[in-house]
Each structure stands twice: as C-alpha cells, then as structure tokens.
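Single-structure report; data block below.
The values are calculated or read from the model by the stated rules, or taken from the named source; none is laboratory data. Keep in mind the model is a prediction, meaning the values are calculated, not measured. Cβ coordinates were reconstructed from backbone atoms using ideal geometry, including for glycine residues, and neighbour counts include every protein chain displayed. For the accessible areas, the whole protein counts, side chains as well, though only heavy atoms, and no ligand, DNA or RNA atoms are used. Shrake-Rupley method; radii C 1.70, N 1.55, O 1.52, S 1.80 Å.
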Amino acid sequence: MIIGNMNIRDDRQFKALTGISFDEFQQLLPVFTESYHELIQKRYESQQDLRQRKPGGGQKGKLPSMELKLFFILYYWKVYPTFDVLGLQFGL
C-alpha cells in the first residue's frame, strides 16, 4: 500500500498507524471526501460576500489527495505526535 510517499507494508502496519484496517479506510474514504467537499461548499457560501478570490484561488494545501488527508487525520488521532513530527513525516 502506498499512501502519499509512504510505503506501508501490510494491513497490520496500516492498522498500527491509523487504528483501522485498509478495507475500512477504503470504505471511509468516499464518505470523508463527500463530507469534506460539503464543508468547503458551505464555508464558501457563508463567506461569499467577504471573499477576495474565486474558489480555487490562493495557496494550495500541502496534502494533495483526499486519501492522504484522511490518512493524516487518522494517523494524528491514533499516534498523537507533535506538530514537528507531523511536519517531518508528511513534508509540511
């Protein structure tokens, strides 16, 4: 399994890093993606009058894929590393 630039050996290692199996991760990913996009849309609609840029403008996030965003969140909650450690491991 490759997520971002991390090569995870097997399901046991994946579960040790995130707290869930890779199959559970694959089931959660579409729900997370939909919820993420709904949240972004609601935020856009509520701040539409205050925006200076069109949607998609401005600085891009450091975690490019939804798969990596979800992995990052699950990893943070499972391992609870410091922000310095997260920055080093995820290139932030």
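If you count Lys pairs in the stretch 1-86 whose Cα atoms are under 22 Å apart, skipping same-chain pairs closer than 8 places in sequence, the total is 10.
Of the trypsin sites (Lys or Arg not before Pro) found in the chain, those in coil by DSSP whose Cβ has at most 15 other Cβ atoms within 10 Å are Arg9, Arg51, Arg53, Lys60, Lys62.
Using the Cβ of Met1 as centre and a radius below 14 Å, the other residues enclosed give a net charge of -2, where K and R count +1 and D and E count -1. For the chain, what does the relative contact order come out to in percent, with C-alpha contacts under 8 Å and a separation of six or more? With pairs under 8 Å counted, the relative contact order is 38 percent.
Counting only protein heavy atoms and a 1.4 Å probe, the chain has 77 square angstrom of accessible area per residue. Of the labelled figures (1) 48, 29, 20; (2) 44, 29, 18; (3) 40, 29, 16, only one reflects Cα extents along the principal axes in Å as derived from the coordinates, namely (1).
Could you please put Tyr75, Tyr44 in sequence from largest to smallest accessible area, using a 1.4 Å probe? Display every interim value, and only then the final one.
Numbers: Tyr75 20, Tyr44 60 Å².
Highest to lowest solvent-accessible surface, that is Tyr44, Tyr75.
Placing +1 on the Cβ of every Lys and Arg and -1 on the Cβ of every Asp and Glu, with nothing else charged, gives the chain a dipole about its Cα centre of roughly 380 debye.
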